[in-house]
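A short reminder: the numbers here are calculations on the coordinates, not readings from a lab. Predicted model, so just to flag it, every value in this text is computed and none were measured. Here the Cβ positions follow ideal geometry from the backbone for every residue, glycine too, while neighbour counts run over all protein chains shown.
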């Protein structure tokens, strides 16, 4: 190959399944220029990866811009369609380290990382200084469309997103996640009854709530409220959930280990994520009242029949066919019922949802 028409990458050579592959570092400013992804107009069977979801790009780009000092990007995986030559620096162990020479007419097709590539391109427009930073790239030699498609399938075969609860637990950038963690840990209502890692509870779990369920419920509680800082948000939240917990007998019994969490989840609706979020919606309206009035209204929670067998109330609102439902419509309908029992007015939108439900 003519060295005047080559890309040169410092690289480490490895072997997988008897095939060579190469790991290198690439300046961010080169990522949009040399890496391509298939024409989105092509049929799926003629592409090597999924269609780019452009709605994801602004969030990833903003993450990169807003966290200049501590962002983390995993490696991009790409196939090289063209002439490739690896020149090691020496013999023995050093033979794994060298220079990867790629003909400039070659194409670099992304197998994994097309959204990172697009986000980097957007971020560079806002902050060109990012161009001098680098990202790891794993290069494979392109063996045709079938091989590229198989690589995409293999790379995503065992990919599992972390649970929502674990994502909240480990998130130190999101103020709302920080508030949720403090509420879950410091409130008497939740305490050691919170599953911090999983977002679904087994029938044998000793936990009554998931961190993700508390997160959505607390966000609903604070939505649109003028609160000075996170400290005040935590105080308001803990006070509300403690007051709610004092009105629900089964929650109190669970804290005292006098009834199992599994039995509560099986027989009652009030510990499930949709009802918890509905309580947050109710609390959002309740916070507009005086503290004494809030406590008076919350005492009415004791009069609500929370049993799942109370299908005349919960079927269609919180359940369909006896199974708990998490849709936003079910949350609104459940919140409507709770608000009505506490003599709280429905918003115009909530009233429309309620009218449609009763009409059906």
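Based on alpha-carbon positions alone, could you give the equivalent ellipsoid semi-axes of the chain from the gyration tensor, as √(5λ), descending, whole Å?
Rounded to whole Å, the semi-axes are 54, 21, 20.
Would you work out the relative contact order for region 159-199, in percent, from Cα pairs under 8 angstrom that are 6 or more residues apart?
50
Relative to the longest principal Cα axis of the chain, at what angle does helix 211-222 sit, 0 to 90 degrees, rounded to 10?
For helix 211-222, the angle is close to 70 degrees.
Would you order 354, 256 from fewest to most other beta-carbon atoms within 10 Å of each residue's own beta-carbon?
256, 354
Could you give the length gained on full extension between residue 54 and residue 235, defined as 0.36 nm per residue of separation minus the Cα-Cα distance, in nm?
Between residue 54 and residue 235, full extension yields 61.3 nm more.
If neighbour count is taken as other Cβ atoms inside 10 Å, put 164, 307, 33 in order from fewest to most.
By the 10 Å Cβ count, ascending, the order reads 33, 307, 164.
Quick check: the angle from helix 328-341's long axis to the longest principal axis of the chain, C-alpha only, nearest 10 degrees?
Once rounded, one gets 20 degrees.
With the crude spin-label approximation of a point 7 Å out along Cα→Cβ, what separation in nm comes out for residue 242 versus residue 17?
Distance between the two pseudo-spin positions: 5.8 nm.
In deg cm²/dmol and to the nearest 500, what is the mean residue ellipticity at 222 nm of the chain if only DSSP H runs of at least 4 residues count, each as -39500 (n - 2.57), divided by the residue total?
-12500 deg cm²/dmol
Residue 327 to residue 89: FRET efficiency via 1/(1 + (r/R0)^6), r the Cβ-Cβ distance, R0 45 Å, to the nearest 0.05?
FRET efficiency, residue 327 to residue 89: 0.15.
I'd like the distance between the alpha-carbon centres of region 74-146 and region 346-360, rounded to an integer number of Å.
55
Just rank 73, 268, fewest to most, by other beta-carbon atoms within 10 angstrom.
Least to most surrounded, the residues fall as 73, 268.
Would you mind calculating the gained length between residue 198 and residue 299 on full extension (0.36 nm times residue separation, minus the Cα-Cα distance), in nm to one decimal?
Stretched out fully, the residue 198 to residue 299 stretch lengthens by 33.2 nm.
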